[in-house]
């Protein structure tokens with residue numbers, strides 16, 4: 001199902017930037033964060049279908065129902081690490097995905113390494129900047145990055161301005177927290193939202209027809225999600241999509257997800273909601289040591305598939321939810337290589353064969 005959405009942000013009389021014309025967005029998004037795919041392929045990763053035949057991941061995922069890819073971007077990353085996605089890497093992967101018919105979500109981390117609720121480190125080369133200069137740097141960097149991608153035919157259809165920014169970003173300059181006496185102040189939220197608004201402004205100027213997403217991690221935490229997005233409304237941040245992460249071992253059962261989605265849909269009826277990060281382990285090693293909840297499904301290939309089916313059924317209860325994106329599905333068997341191993345992908349890490357969860361996405 002395809003729906004047409006025109007996202008405004010510049011005059012209708014302005015000529016569109018090449019590659020950023022109005023697009024038909026999918027009415028239901030089945031996405032994959034495949035940010036490590038190029039690195040794994042270069043390392044000799046093995047990808048097979050359930051019958052043991054070699055497959056090319058991008059067309060294989062299209063066959064299985066995926067229509068969006070998510071790609072993360074770091075400012076000056078360590079190219080030897082798993083957080084290796086600089087602009088040339090990202091542009092190359094986006095072009096390959098577009099060639100296979102995917103829509104693209106670009107995920108700005110605004111850091112040299114992983115950004116999440118526990119760490120939002122400034123890029124090293126931005127560390128000396130004062131408040132005014134830092135806000136302008138976010139605007140300029142975002143705009144320059146998108147302009148480069150657009151010029152080379154790699155403009156995204158959705159743009160995520162920050163990654164899991166529940167506690168702000170670019171610490172400590174733009175740090176904010178709805179539960180902290182120290183960080184929950186009008187001054188903190190004013191500056192954090194100013195930085196976000198600068199990023200959004202750059203997106204509107206270069207890619208006026210792309211959706212802009214604000215992403216937090218609290219997919220099972222109704223109260224924190226409502227408090228956070230109320231701040232977005234209070235400080236007039238311009239965005240289109242509420243992005244949530246939901247990992248049951250950190251965020252609790254599907255009943256918590258359901259409560260969170262109900263609250264967001266009721267309080268922000270004009271926003272789309274996307275579960276932009278979700279994954280489930282196919283092995284008990286995939287449940288982290290700091291898990292705050294023991295999931296209701298076994299950490300097996302069968303449990304992984306059962307969870308995803310029930311997860312998708314839950315999302316379908318809410319008209320404002322427009323889909324999800326599975327995180328790191330490209331994890332697989334990579335002979336003789338030390339790669340990111342989380343036991344949450346859709347391939348067997350010992351054989352490279354697709355697991356049964358692969359058939360839940362098209363359903």
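Here, each number is a calculation from the coordinates, and none is a lab measurement. Everything numeric in this text was worked out from a predicted model, so none of it was measured. Ideal geometry is used to build each Cβ from the backbone, glycine not excepted, and the neighbour counts take in all protein chains shown.
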Projected label distance in nm at residue 133 and residue 62, using a 7 Å step from Cα toward the beta-carbon = 4.6 nm
Distribution of pairwise C-alpha distances over region 261-361, 5 Å bins, in % | 2, 12, 20, 21, 17, 13, 8, 4, 2, 1, 0
Dividing the alpha-carbon Rg of region 13-98 by 2.2 N^0.38 Å yields what?
-> 1.30
Row for the chain, column shape: gyration tensor on C-alpha, a ≥ b ≥ c, rounded if a/c < 1.5 i.e. under 1.5, prolate if a/b over b/c, else oblate; value rounded
So if we plug the beta-carbon distance of residue 81 and residue 284 into 1/(1 + (r/R0)^6) with R0 = 22 Å, what FRET efficiency do we get, rounded to 0.05?
-> 0.25
What fraction of the DSSP beta bridges in region 28-359 is antiparallel, stated in percent and rounded to the nearest 5?
-> 15 percent
Give the residues of region 265-289 whose amide nitrogen is closer than 15 Å to a point set 7 Å from the Cα of residue 300 in the direction of its Cβ.
-> 281-285
For region 24-87 versus region 142-215, the gap between their alpha-carbon centres in whole angstrom = 24 Å
Could you pull the Rg and Dmax for region 204-268, using just the Cα atoms, both in Å?
-> 12.9, 40
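With the contact rule set at Cα under 8 Å and sequence spacing of 6 or more, what percent relative contact order holds for the chain?
On the way: 751 pairs, mean separation 71.3, N = 363.
That works out to 20 percent.
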